[in-house]
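What follows is a short report on a single structure.
The values are calculated or read from the model by the stated rules, or taken from the named source; none is laboratory data. What you are looking at is a predicted structure, and each value in this text was computed from that prediction instead of being measured. In this analysis, Cβ positions are derived from the backbone assuming ideal geometry, glycine residues included, and neighbour counts consider all displayed protein chains.
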Amino acid sequence: MENCKLKSEEDNINNVIYNNDTSNYKDITYNKKDETIKLFDKFDEYIISIEKDIIRNYLLKNVVYKLKKRFIEVRINQNDLYICFLKDVKQFDLQNKLKIRKGYENTSLNYYLLVKDISNLEYVFKLAKELYDYLKKPQEPICELLFKKISNRIMELGNNIVCNKLYRDYRFKSKRNFISITKRNYGLYVRLLKVEDN
């Protein structure tokens with residue numbers, strides 16, 4: 001009850017946008033450990049503080065944060081937070097901590113992370129901020145950036161190098177093809193072709 005009152009007061013002070021009554025906060029946090037509720041409160045406070053255009057919805061078992069579409073969904077378990085992200089987050093997961101949700105591979109929220117302590121929560125803050133920035137100002141896909149950097153470095157090797165675009169990949173050649181690059185989701189597939197001379 002105390003957490004619920006504090007939550008309502010904070011939301012009134014910060015003019016938080018939400019579609020449902022904050023009394024659902026009580027339902028979602030009911031019978032959960034204090035440590036888990038504190039983790040959720042910190043997470044919620046951070047997400048809402050990123051920008052005022054983030055909408056928070058309390059659902060039956062989850063809390064959803066959205067802009068035009070959902071980009072984060074949180075379920076409060078007894079001992080941890082189960083946080084699901086929009087699939088675009090994978091390009092920011094440099095520590096490779098995100099896992100694919102079984103049965104949700106073809107949905108938009110298909111990566112998750114279990115948060116059991118503050119250290120994991122810090123990583124979630126970083127992912128959430130980068131994902132928000134990406135959704136507000138869509139940037140060039142990571143594979144495009146990688147391709148530009150690698151192709152520029154290859155072209156700098158010599159004046160006689162040419163790049164030919166085939167159906168799905170790019171071939172770099174001097175007198176003959178020596179490298180092939182194919183763009184994939186979140187990365188590149190690079191093949192060094194067998195060349196006999198130096």
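Please work out which one of (1) part of a loop (DSSP other than H, G, I, E, B); (2) closer than 26 Å to Ile37 by Cβ; (3) out of contact with any strand residue (DSSP E or B) (no Cβ under 8 Å at 6 or more places or on another chain) is the condition Tyr167 fails and give its number.
The one condition Tyr167 does not meet is (2).
Keeping to region 33-81, report how many residues are crowded, with 16+ Cβ neighbours inside 10 Å and more than 23 Å from Leu98 (Cα to Cα).
3
Look through region 94-123, keep the residues that are loosely packed, with under 10 Cβ neighbours inside 10 Å and of a type in the set (Gly, Ala, Ser), and return whichever of them is nearest to Thr36 (Cα to Cα).
Among those residues, the one meeting the criterion is Ser119.
Within region 98-122, which residues are within 26 Å of Asp41 (Cβ to Cβ) and among the β-branched types (Val, Ile, Thr)?
Residues satisfying the conditions are Val115, Ile118.
Scan region 138-156 and give yes if some residue there is under 28 Å from Lys69 (Cβ atoms), of a type in the set (Asp, Glu) and not in a helix (DSSP H, G or I), otherwise no.
yes
Condition check ((1) at pLDDT 90 or above; (2) assigned to a loop (DSSP other than H, G, I, E, B); (3) out of contact with any helix residue (DSSP H, G or I) (no Cβ under 8 Å at 6 or more places or on another chain)) across all residues:
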{"residue": "Val63", "(1), (2), (3)": "yes, no, no"}
{"residue": "Arg75", "(1), (2), (3)": "yes, no, yes"}
{"residue": "Ile83", "(1), (2), (3)": "yes, no, no"}
{"residue": "Lys97", "(1), (2), (3)": "yes, yes, no"}
{"residue": "Tyr104", "(1), (2), (3)": "no, yes, yes"}
